[in-house]
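See below for the structure under consideration.
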């Protein structure tokens, strides 16, 4: 899967991220069971989609490999808002970013926002 690396489920921790079916998820909780008579130890992971907020769970053996998204974060200044898009200039690279509008945030031109990118999708995480 592009934009990801791989790791064993046993190495994951709460608060980190995993990628399943072309979406990135934050780990909310994790429980592990002991190995049984005929099988290996299992892990149950409760996840929340970082873009939609939808919750789901994933069960697998602790030795299974799982995709880990490569997440980039940064800050930008809003240049203007056009429909459902926020046009902003990255503070480090001065690149123009087109971010989706988040109705729960107070967005207006000239304000600074923090953004995150995972697997080709962007999200505004907070406004200043």
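The values are calculated or read from the model by the stated rules, or taken from the named source; none is laboratory data. Please read all numbers here as calculations on a predicted model, not as lab measurements. Methodologically, a virtual Cβ is constructed for each residue, glycine included, from the backbone with ideal geometry; neighbour enumeration extends over all protein chains shown.
For residue 63, only one of the following conditions fails: (1) in contact with a strand residue (DSSP E or B) (Cβ under 9 Å, 6 or more places away or on another chain); (2) in a loop (DSSP other than H, G, I, E, B); (3) within 18 Å of residue 123 (Cα to Cα); (4) modelled with pLDDT of 90 or more. What is its number?
Here residue 63 meets the rest and fails (3).
Any chance you could count how many residues in the range 78-105 are closer than 14 Å to residue 126 by Cβ and in contact (Cβ under 8 Å) with a residue 24 or more places away in the chain?
Total satisfying the criteria: 4.
Per-residue answers, yes or no, for (1) in contact (Cβ under 8 Å) with a residue 24 or more places away in the chain; (2) in a loop (DSSP other than H, G, I, E, B); (3) under 18 Å from residue 123 (Cα atoms); (4) outside the structural domain of residue 117 (by TED's automatic domain parsing):
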residue	(1), (2), (3), (4)
18	yes, no, yes, yes
27	no, no, yes, yes
44	no, no, no, yes
48	no, no, yes, yes
51	yes, yes, yes, yes
58	yes, no, no, yes
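Is it the case that the range 68-88 has a residue that's within 23 Å of residue 19 (Cα to Cα) and not in a strand (DSSP E or B)? Full working, then the answer.
Restricting attention to the range 68-88, the residues satisfying the condition of being within 23 Å of residue 19 (Cα to Cα) are 68-74.
Next cut, not in a strand (DSSP E or B) only: 70.
Scanning the range 68-88 turns up at least one residue that is within 23 Å of residue 19 (Cα to Cα) and not in a strand (DSSP E or B).
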